[in-house]
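Working notes for the structure below.
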Amino acid sequence: MVTATPQAQSRPATLAPAAAAVSAQAAGRTVPNVSVLIVEQEGYTRTLVSTVARALGIEKIVTANGAKAALKVAEEAKITLVVCDLDLPEMSGLELLAELRRKAPHVQFLLISSQSDPEHIQEAVNSGVSAILVRPFSRAQVEAKLRYLVHRVAPGFSSIAAAPAHA
């Protein structure tokens, strides 16, 4: 049985408005040499991040439900950007980051966390995350973080970095 969480109750019924809002910004352009791995157990968040990434022009998007699956995917594909939940069943998102960075030191890492206290944020920063999204977050915040990280991976792709984020 699936139960609704307070966070789930505030979510839109569909992601179509989110996709429509950013699809015009990508305007059919794809972001070269960027591949995203989304490591998230919550389906809504996984779908939201994937939808926004695709609307921004990122075509190579893979997902994993846990850290072990993410490590396997990362070995098989050249991943440039990881979006990962802090709380994973096999290991934490920060432990996954450490494993990934041993093999791909320049991978960009967006950490999703429910914890916003300064100690946890500092631990994430010290671990080398590239950016942090604290729950609850909006589609616009996801878009802004992805734009920032894509710009770090593909700085010459100016339409992603320069287009304004919509609220």
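The values are calculated or read from the model by the stated rules, or taken from the named source; none is laboratory data. These numbers come from a predicted model, not from an experiment. Here Cβ is always computed from backbone atoms with ideal geometry, including for glycine, and neighbour counts include all displayed protein chains.
Selection within the stretch 24-49: residues that are closer than 15 Å to Phe109 by Cα and of a type outside the set (D, E, K, R). The member of this set that is surrounded by the fewest Cβ atoms within 10 Å (Cβ to Cβ) is Ser35. Inclusion of Val142 among residues that are among the β-branched types (Val, Ile, Thr), at pLDDT 95 or above and touching a helix residue (DSSP H, G or I) at 6+ places or on another chain (Cβ under 6 Å) is warranted. If you filter the stretch 31-69 down to residues that are in a loop (DSSP other than H, G, I, E, B) and of a type in the set (A, V, I, L, M, F, W, C), you find that the one that is modelled with the lowest pLDDT is Val31. Considering Ile58, Ile112, the condition of being within 23 Å of Ala154 (Cβ to Cβ), buried (at least 22 other Cβ atoms within 10 Å of the Cβ) and out of contact with any Leu (no Cβ under 7 Å at 6 or more places or on another chain) is satisfied by Ile58 alone. With the condition kept exactly as written, say whether any residue in the stretch 83-93 is on the phi < 0 side of the Ramachandran plot and in a helix (DSSP H, G or I). Within the stretch 83-93, one or more residues are on the phi < 0 side of the Ramachandran plot and in a helix (DSSP H, G or I).
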